[in-house]
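**Q** Supplied in structure tokens, the structure appears directly below.
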Amino acid sequence: MPIDLYQVPGSAPCRAVRLAAAAIGVDINLKNTDLMAGEHLKPEFLKMNPQHTIPTLDDNGVYLWESRAIMTYLANQYGKNDSLYPKEPKKRAVVDQRLYFDLGSLYQSFADYYYTLIFTGVTPDQAKFEKINNVLSFLDKFLEGENYAAGKTLTLADLALVVTISNFKLMDHDLSKYSNILKWYDRIQSEAPKFNEIESAGMKAFKDFVDNLRKNK
């Protein structure tokens, strides 16, 4: 039975789940969900996910949403080993910390500034822009002397964080002073399975979405 992922192609959380699935080696059936047409508000979708958010996973009746929860579930359920999401508590704690850092700080700073700009056309206050650079400097510090975001191998933390950095690149945010991030990004781009396939199409879809919104402002 196929594992269905209800998604929007340009969505960063959806892209992160797809990268995780590719790295784990599990096949997922992509079900593009038209939010503008309200497909996420249909009774059959609400039965799976009352929060009506994407991505939403349907693993043969196991319904799950929140991208990072989906990523860790796929690793726990289908991982051939535990390298992407270590079972050892101390190693796993670092991966979890980075995932929460992405959710609550890095991706949140992107959303607070750039989604406001994209959806309203209004430039948010300078403090929100400075928050981004503050958070980026934390990530750059985490990566000092390290090849990966959490430990000595590729983990789910890298796959979540790299998609957020892709979004900053897409918005032409100046990353030039974050040399550790740039070096790490290139490494993950070359090492993460199907990275270019998933991210090039996903980033193009996100860019097209942004350009369309700007045109219609």
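**Q** For region 139-149, give me the residue count where each residue is open to solvent by 40 Å² or more (accessible area, probe 1.4 Å) and in a helix (DSSP H, G or I). Write out each step before concluding.
**A** Narrowing region 139-149 to residues open to solvent by 40 Å² or more (accessible area, probe 1.4 Å): 141-142, 144-147.
Next, only the ones that are in a helix (DSSP H, G or I) stay: 141-142.
Looking only at that region, the number is 2.
**Q** Further, regarding this structure: Return yes when Q126 is surrounded by 13 or more Cβ atoms within 10 Å (Cβ to Cβ) and either out of contact with any strand residue (DSSP E or B) (no Cβ under 7 Å at 6 or more places or on another chain) or under 22 Å from F206 (Cα atoms) (or both) and no when it is not. Can you show your working first?
**A** Details: surrounded by 13 or more Cβ atoms within 10 Å (Cβ to Cβ): no; either out of contact with any strand residue (DSSP E or B) (no Cβ under 7 Å at 6 or more places or on another chain) or under 22 Å from F206 (Cα atoms) (or both): yes.
Considered against the rule, which asks whether it is surrounded by 13 or more Cβ atoms within 10 Å (Cβ to Cβ) and either out of contact with any strand residue (DSSP E or B) (no Cβ under 7 Å at 6 or more places or on another chain) or under 22 Å from F206 (Cα atoms) (or both), Q126 comes out as no.
**Q** Follow-up question, since we're still on this one. Name the helices (runs of 4 or more DSSP H) wholly within region 154-217 that hold at least 3 residues that are open to solvent by 50 Å² or more (accessible area, probe 1.4 Å)?
**A** Values: elements: 156-170, 179-191, 195-215.
Qualifying helices (runs of 4 or more DSSP H): 179-191, 195-215.
**Q** List the residue pairs whose Cβ atoms are under 7 Å apart, where the first residue sits in region 178-194 and is closer than 17 Å to R15 by Cα, the second is in a loop (DSSP other than H, G, I, E, B), and the two are 6 or more positions apart or on different chains.
**A** Short answer, once both residue conditions are applied: E191/L154; A192/L154.
**Q** When you look at F110, is it open to solvent by less than 40 Å² (accessible area, probe 1.4 Å), touching a Ser or Thr at 6+ places or on another chain (Cβ under 7 Å) and on the phi < 0 side of the Ramachandran plot, yes or no?
**A** Values: open to solvent by less than 40 Å² (accessible area, probe 1.4 Å): yes; touching a Ser or Thr at 6+ places or on another chain (Cβ under 7 Å): yes; on the phi < 0 side of the Ramachandran plot: yes.
Yes, satisfied.
**Q** Could I ask something else about it? Might you let me know whether region 77-92 holds any residue that is crowded, with 17+ Cβ neighbours inside 10 Å, free of Cβ contacts under 8 Å to residues at least 40 places away in the same chain and touching an Asp or Glu at 6+ places or on another chain (Cβ under 9 Å)?
**A** Yes: one or more hits.
**Q** Any chance region 59-81 includes a residue that's more than 14 Å from the chain's Cα centre (by Cα) and of a type in the set (K, R)?
**A** As a first pass, look at region 59-81 and keep what is more than 14 Å from the chain's Cα centre (by Cα): 59-64, 73-81.
Next, from what is left, pick out any that are of a type in the set (K, R): 80.
Scanning region 59-81, I find at least one residue that is more than 14 Å from the chain's Cα centre (by Cα) and of a type in the set (K, R), so the answer is yes.
**Q** Here's another thing I want to ask about it. For a quick check of your reading: which helices (runs of 4 or more DSSP H) sit entirely within region 63-138 and have at least 1 residues that are under 27 Å from D27 (Cβ atoms)? Write out each step before concluding.
**A** Working: elements: 67-78, 89-101, 107-110, 116-120.
Qualifying helices (runs of 4 or more DSSP H): 67-78, 89-101, 107-110.
**Q** Enumerate the pairs (first residue in region 195-207 and of a type in the set (D, E); second residue anywhere and open to solvent by less than 60 Å² (accessible area, probe 1.4 Å)) with beta-carbon separation below 7 Å, excluding pairs fewer than 6 apart on the same chain, so at least 6 apart or on different chains.
**A** Once the first residue is of a type in the set (D, E) and sits in region 195-207, its partners that are open to solvent by less than 60 Å² (accessible area, probe 1.4 Å) give E199/R15; E199/S166.
**Q** I've got another one for you. Keeping to region 10-61, report how many residues are assigned to a loop (DSSP other than H, G, I, E, B), polar (S, T, N, Q) and either open to solvent by less than 10 Å² (accessible area, probe 1.4 Å) or farther than 22 Å from D102 by Cβ (or both).
**A** Step one: list which residues in region 10-61 are assigned to a loop (DSSP other than H, G, I, E, B), which gives 10-11, 25-27, 33-38, 42, 49-55, 60-61.
Within this subset, residues satisfying the condition of being polar (S, T, N, Q) are 11, 33, 49, 51, 53, 60.
From what is left, the residues that are either open to solvent by less than 10 Å² (accessible area, probe 1.4 Å) or farther than 22 Å from D102 by Cβ (or both) are 33, 49, 60.
Result for region 10-61: 3.
**Q** For the structure I just gave you, tell me whether S67 is among the polar types (S, T, N, Q), surrounded by 14 or more Cβ atoms within 10 Å (Cβ to Cβ) and farther than 16 Å from F168 by Cβ.
**A** Working: among the polar types (S, T, N, Q): yes; surrounded by 14 or more Cβ atoms within 10 Å (Cβ to Cβ): yes; farther than 16 Å from F168 by Cβ: yes.
Taking the combined requirement at face value, the residue satisfies it.
The values are calculated or read from the model by the stated rules, or taken from the named source; none is laboratory data. What you are looking at is a predicted structure, and each value in this text was computed from that prediction instead of being measured. In this analysis, Cβ positions are derived from the backbone assuming ideal geometry, glycine residues included, and neighbour counts consider all displayed protein chains. Surface areas here come from the heavy atoms of the whole protein model, side chains and all, with no ligands, DNA or RNA. Shrake-Rupley method; radii C 1.70, N 1.55, O 1.52, S 1.80 Å.
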